[in-house]
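*Asks:* The structure under discussion is supplied below as structure tokens; questions concerning it will follow.
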Amino acid sequence: AMVMAKRFDPKSKASVEEVIAKREDLILGHLLIARLALEDHELEVAEEHLQSALQKVEANGRSPLETYSLFAALDLLREIPVSQSEWTAKALAYNPTYGQIYLDAAHFYFITRRYREALELDEKAIEIDPQLYAAHADLAVNLLRENRDKEAYAHLEIAFKGDPFSARTVNTLRLVDSFDNFKLYSNKDDLLSRGEEAVRAAIDTPHVILRLHEKEAELLRPYAMALSEQAAVSF
């Protein structure tokens, strides 16, 4: 169920529900269902399972940190910032270096395409725990979305030194190393070369920068640029 959840496979929920039906006391099962519910924005379902997990954690003397972290993510989805959540205060009182609570919250911004907000939470996670290598990797990916390549590479190197077996880190490093084969194209440059009427249009058009592989750019550039402009206006 955990493997399927990482792949966003809808079968994961049914799988873990089957397990909990047989082992209702399984804390990990409740936490996984809560995470899946948060991803689907089923906040009441998530809260129900988090409460069950918390009761079992406290009864068995287990670490509450993962439960606190998902409670803080639940608060985030209810428009309560992570830094203001009571669960963040509890987690950091239990373990002052628990940057994972910000990294978990960043995930829910990440999957809803709120990359700049996710970036800020990744930075906070690293501030609390500089050796949280998954946060360095996540931050690097979000920095690439902001076209901040050098900063991203620096964090990828830290992530690689800490966890050289992470496929995500290695593949992203390879991607960045291949950027010499890509070129950047700006729609503003295109518009400004077309005369006065196009210049006026450029003022009202969202700025789009495309990074295209040099072998594909000539074919894809007109289509990709038009689609990107349309999407930026629509959203």
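*Asks:* If you scan the stretch 15-52, which residues turn out to be over 24 Å from the mean Cα position of the chain (by Cα), small (Gly, Ala, Ser) and either more than 26 Å from residue 168 (Cβ to Cβ) or surrounded by 19 or more Cβ atoms within 10 Å (Cβ to Cβ) (or both)?
*Replies:* 21, 52
*Asks:* Still on this structure, please answer the following. Of the residues in the stretch 117-158, how many are out of contact with any strand residue (DSSP E or B) (no Cβ under 9 Å at 6 or more places or on another chain), open to solvent by 60 Å² or more (accessible area, probe 1.4 Å) and either outside any helix (DSSP H, G or I) or aromatic (Phe, Trp, Tyr) (or both)?
*Replies:* 6
*Asks:* Sticking with this structure for a sec: Exactly one condition in (1) closer than 21 Å to residue 166 by Cα; (2) in contact with a helix residue (DSSP H, G or I) (Cβ under 7 Å, 6 or more places away or on another chain) is false for residue 70; which is it?
*Replies:* Answer for residue 70: the failing condition is (1).
*Asks:* Surrounded by fewer than 15 Cβ atoms within 10 Å (Cβ to Cβ) and free of Cβ contacts under 8 Å to residues at least 40 places away in the same chain: does that describe residue 6?
*Replies:* In short, yes.
*Asks:* Considering only the stretch 181-189, I want to know if a residue exists there that is under 24 Å from residue 232 (Cα atoms), without any contact (Cβ under 8 Å) to a residue 40 or more places away in the chain and open to solvent by less than 50 Å² (accessible area, probe 1.4 Å).
*Replies:* Yes, the stretch 181-189 contains a residue that is under 24 Å from residue 232 (Cα atoms), without any contact (Cβ under 8 Å) to a residue 40 or more places away in the chain and open to solvent by less than 50 Å² (accessible area, probe 1.4 Å).
*Asks:* What's the total number of residues in the stretch 159-178 that are in a helix (DSSP H, G or I) and open to solvent by 40 Å² or more (accessible area, probe 1.4 Å)?
*Replies:* Result for the stretch 159-178: 8.
Yes/no matrix, rows are residues, columns are (1) among the basic types (Lys, Arg); (2) in a loop (DSSP other than H, G, I, E, B):
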residue: 30; (1), (2): no, no
residue: 34; (1), (2): no, no
residue: 37; (1), (2): no, no
residue: 58; (1), (2): no, no
residue: 63; (1), (2): no, yes
residue: 67; (1), (2): no, no
residue: 113; (1), (2): yes, yes
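*Asks:* Then there's this: Given the conditions (1) over 15 Å from the mean Cα position of the chain (by Cα); (2) open to solvent by 30 Å² or more (accessible area, probe 1.4 Å), and given that residue 113 satisfies all but one, which numbered condition is not satisfied?
*Replies:* If we test residue 113 against (1) over 15 Å from the mean Cα position of the chain (by Cα); (2) open to solvent by 30 Å² or more (accessible area, probe 1.4 Å), just (1) comes out false.
*Asks:* I need the full set of residues from the stretch 216-232 which are of a type in the set (Asp, Glu) and open to solvent by less than 90 Å² (accessible area, probe 1.4 Å), in order please.
*Replies:* 229
*Asks:* Among the residues of the stretch 69-83, are any of a type in the set (Ser, Thr, Tyr) and crowded, with 17+ Cβ neighbours inside 10 Å?
*Replies:* Within the stretch 69-83, one or more residues are of a type in the set (Ser, Thr, Tyr) and crowded, with 17+ Cβ neighbours inside 10 Å.
The values are calculated or read from the model by the stated rules, or taken from the named source; none is laboratory data. From a predicted model like this one, the values you see are computed outputs, not experimental measurements. Note that we place each Cβ from the backbone using ideal geometry, even for glycine, and neighbour counts take in every protein chain shown. The protein model used for the area step is the full one, side chains on, heavy atoms only, and it has no ligands, DNA or RNA in it. Shrake-Rupley method; radii C 1.70, N 1.55, O 1.52, S 1.80 Å.
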